[in-house]
Amino acid sequence: MSNHSHDHDHHAHAHPHDDHDHYFIPFALIFIFAIVEAVGSWYTGSLALLSDAGHMFSDVAALGLAWMASTMARKPQIARHQSGVSYAELAVSIFNAVTMLLVIVYVVVEAIDRFQHPHHVQGLGLTIIATLGLVVNLIVAKQLHHQAAHHGESLNNRAAYLHVIGDLLGSLAAVAAGVVIYFTGWMPIDPILSLFISLLLLAFTLNLVRDIVVTLRCHNKAAKCDSAS
């Protein structure tokens, strides 16, 4: 029984540490590679890589704020609504959704311009950088999935995971664009895949917006019930 108690105490101490630190590795990896992709997009001239770099920079903010919200949410004095989600987590989720929508709009506008004014893209450089980005996103996605599986999925974690999934899709599109351009020289594939990935990201983002609205409605109803009682 003493061993069981010791294990229980060990997990009780380890859990807060894991909950607090699980964002560090994703944050560091995304921050470093966002810079790599930003430079790489300038070097290769790829919109797909530029859009992926944009998603990664939004991830830096998303993961940083999610890290902050995760820390704040454990404090008992933090204000929460009826469902138990802290206002800090809710604010982070809203910020993530808004920034993702802004990135999508920018990529769509730039893609339309690329159709009218084609840009030369270096296929080999694009493929190499995008493949490395794909590996980074797979590592980060696995880390966040592990957090959700072992510590429970929160709106905060879901929002950060949404951004990483967007990056993962963006990296896949960039790799495909690089391969096509390298072997065929067909430049329109770059803005075409950028538009395609923007539509997929829009679907993910609208799903997050729906969850946020449901949470807010739940809170408003609870407030009415409380006032009524």
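Values quoted throughout were computed directly from the atomic coordinates according to the rules given, and no laboratory measurement underlies them. Treat the numbers as computed from the prediction; the structure is a model and nothing was measured. All Cβ positions, glycine included, derive from the backbone under ideal geometry; neighbour counts span all protein chains shown.
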Short version: ³J(HN,Hα) in whole Hz for each residue of segment 100-114, in order, from phi by Karplus 6.51 cos²θ - 1.76 cosθ + 1.60 (θ = phi - 60°), x for Gly and Pro, what are they? 5, 4, 5, 4, 4, 4, 4, 5, 5, 4, 5, 5, 4, 5, 5
Could you run the Karplus curve 6.51 cos²θ - 1.76 cosθ + 1.60 with θ = phi - 60° over segment 161-173 and give me ³J(HN,Hα) per residue in whole Hz, x for Gly and Pro? 5, 4, 4, 5, 4, x, 5, 4, 5, x, 5, 4, 5
May I ask you to order 103-111, 162-170 by the average number of other C-beta atoms within 10 Å around their residues, highest value first? 162-170, 103-111
Suppose each label sits 7 Å from its Cα in the direction of the beta carbon; what would the Ile32-Val209 distance come out to in nanometres? 3.5 nm
Which peptide among 89-101, 47-59 comes first, and what is the full order, when sorted by highest mean count of other Cβ atoms within 10 Å? 47-59, 89-101
Please give the net charge around Pro188, taking every other residue with its beta carbon less than 15 angstrom from that of Pro188, where Lys and Arg add +1 and Asp and Glu add -1. -2
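At 0.36 nm per residue, and after removing the present C-alpha to C-alpha distance, how many nm does the segment from Cys218 to Ile25 gain when stretched out fully? Could the numbers behind the result be given before it?
Working: separation 193, 0.36 × 193 = 69.48 nm, distance 3.36 nm.
Once the chain is fully extended between Cys218 and Ile25, it gains 66.1 nm.
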